[in-house]
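Enquirer: Sharing a structure with you now.
Bear in mind that the values in this text are calculations on the coordinates, not laboratory data. Model, not experiment: these values are computed from the prediction. Note that we place each Cβ from the backbone using ideal geometry, even for glycine, and neighbour counts take in every protein chain shown.
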Amino acid sequence: MNLKGRDFLTLKDFTPEEIDGLLKLAAELKDKKKKGIPVDTLRGKNVALIFEKTSTRTRCSFEVAAHDLGMGTTYLDPQGSQIGKKESIKDTARVLAGMYEGIEYRGFGQEIVEELAKYSKVPVWNGLTNEYHPTQMLADMLTIQEEFGYLKGIRLVYMGDARYNMGNSLMIASAKMGMHFTACAPKKYFPNAELVAECEAYAKESGATITLTEDVEAATKDADVIYTDVWVSMGEPDAVWEERIHDLTPYRVTKEAMGNAKPTAIFLHCLPSFHDLKTKIGKEMGERFHLTEMEVTDEVFESEQSRVFEEAENRMHTIKAVMAATLGA
Ligand code: CP
Ligand code: NVA
């Protein structure tokens, strides 16, 4: 696998072999980190981390991974730079590429990260856009692989708003890697037809299947992985909460849904999660709409079947693999 100089914008741009190579590299880097064997082969390099939306996992993963690899980082927060306000993405790309060996971007439309990559002579990594969250996919697949030993044939069910970054990306990742993907949601939350068609083509090659259904019982039957995400994503207006709660409450991940899956099934969530009222937004929405939990019950989140914190840790190891591979460590 030679990914040196490549951008990492969506898994659509990568072959199953390349994705597998990144997962292998991540597992190797994880193993070395656990054994205390340093891998600082990118010493002397620097990366810029642009965050137009907030983050805990992605930012910390890029910073820790870069540090472990021997690199310096600069964090550009949602307010603290000229990007978009006084300087175009095209100019920003050319400025940063002159100082840094790689650029991470988290923000809004996918076209922004694509524009950045177009005008940057150094690799650009997508740390989440409205449409895709590819680094999250590597962490999710590594977690599934660690649990089951393989990806091909795994039945993954995504419950909730399947039209956004997580639903889209899980469908792409599953289709590429030969997994059986089910989006379980009301019809209006299904991924768009064009992307489904693209994924159907990947699925043909890999042996994956794609199912879109409104039926929770049929979807969760014999699942290996049940996955969900927040019902309202970053950047969406508060006004959509009421409709989302109304539409998606039947698609909450509950003990019954988990009970319908295989006994060996695991629960995954990209996080952060509204599984209780211990957050500002969770509390506010809970009080307004008389809820104690949203996309997943606290019982499932805290259960033996939940692998959400292993998954969160894997963000760091997989992001390290992406930087190492594209910067040529
Ligand atoms: N899962 C994820 O991307 O988390 P952050 O928003 O905290 O980076
Ligand atoms: N769909 C969520 C994912 C967060 C990691 C969002 O975009 O806010």
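Enquirer: Could you give me the ³J(HN,Hα) list for the stretch 3-9, computed from phi with Karplus coefficients 6.51, -1.76, 1.60 and θ = phi - 60°, whole Hz, x at Gly and Pro?
Expert: Karplus-based 3J(HN,Hα) across the stretch 3-9 equals 10, 4, x, 7, 7, 10, 10 Hz.
Enquirer: How are the C-alpha pair distances of the chain spread across 20 Å bins, as whole percents from the shortest bin up?
Expert: P(r) for the chain, in whole percents per bin: 33, 59, 9.
Enquirer: Please give the direction-averaged projected area of the C-alpha convex hull for the stretch 247-329, in square nanometres with one decimal. Working shown, then result.
Expert: On the way: hull surface 30.1 nm².
So the mean shadow area of the Cα hull is 7.5 nm².
Enquirer: Here's something else I'd like to know. Which three extents, in whole angstrom, do the alpha-carbon atoms of the stretch 176-329 cover along their principal axes, largest first?
Expert: 48, 38, 35
Enquirer: Under 8 Å for C-alpha pairs, at least 6 residues apart: give me the relative contact order for the chain, rounded to a whole percent. Walk me through the intermediate numbers first.
Expert: Working: 654 pairs, mean separation 68.0, N = 329.
Relative CO of the chain lands at 21 percent.
Enquirer: Please build a GNM for the chain, connecting alpha carbons under 10 Å apart, and tell me which residue among Y158, Y251, Y119 fluctuates the most.
Expert: Y119
Enquirer: For the Cα atoms of the chain, what angle does the longest principal axis make with the long axis of helix 308-327, in degrees from 0 to 90, nearest 10?
Expert: 30 degrees
Enquirer: Using DSSP to call loops (not H, G, I, E or B), can you name the trypsin sites (Lys or Arg not before Pro) in the stretch 85-169 whose Cβ has at most 13 other Cβ atoms within 10 angstrom?
Expert: Numbers: sites: K85, K86, K90, R94, R106, K118, K121, K152, R155, R163; in loops: K85, K86, K121, K152, R163.
Filter output for the stretch 85-169: K85, K86, K121, K152.
Enquirer: Let me ask you something else. How big is the convex hull of the Cα atoms of the stretch 162-208, per residue, in Å³? Present the calculation step by step, with values, prior to reporting the outcome.
Expert: Values: hull volume 2.6 nm³, N = 47.
Normalising the Cα hull of the stretch 162-208 by residue number yields 55 Å³.
Enquirer: How far apart, in nanometres, would the label points at S233 and K85 be if each is projected 7 angstrom from Cα along the Cα-to-Cβ direction?
Expert: 2.5 nm
Enquirer: To the nearest 0.05, what FRET efficiency results for D222 and E111 with a Förster distance of 35 Å applied to their C-beta separation?
Expert: Efficiency at R0 = 35 Å is approximately 0.35.
Enquirer: Oh, and also: Looking only at the stretch 267-282, which residues have a backbone nitrogen under 20 Å from a spot 7 Å from the Cα of E242 in the C-beta direction?
Expert: 281-282
Enquirer: For the residue pair K152 and A197, what label-to-label distance in nm results when each label sits 7 Å from Cα along the Cα-to-beta-carbon direction?
Expert: Output for this residue pair reads 2.9 nm.
Enquirer: Here is a follow-up. Would you please report the Å³ per residue occupied by the convex hull of the alpha carbon atoms in the stretch 129-257?
Expert: Details: hull volume 13.0 nm³, N = 129.
About 101 Å³ per residue, rounded to a whole number.
Enquirer: Still on this structure, I have one more. R0 = 56 Å: FRET efficiency of K283 with T213, Cβ-based, nearest 0.05?
Expert: Efficiency, from the Cβ-Cβ distance: 0.95.
Enquirer: Could I ask something else about it? So what's the gap between the Cα centers of the stretch 301-329 and the stretch 173-221, to the nearest angstrom?
Expert: Their Cα centres are 23 Å away from one another.
Enquirer: Given only helices, namely DSSP H runs of n ≥ 4 each adding -39500 (n - 2.57), what is the per-residue ellipticity at 222 nm of the chain, to the nearest 500 deg cm²/dmol?
Expert: Working: 13 runs with 146 residues, N = 329.
Value at 222 nm, helices only, nearest 500: -13500 deg cm²/dmol.
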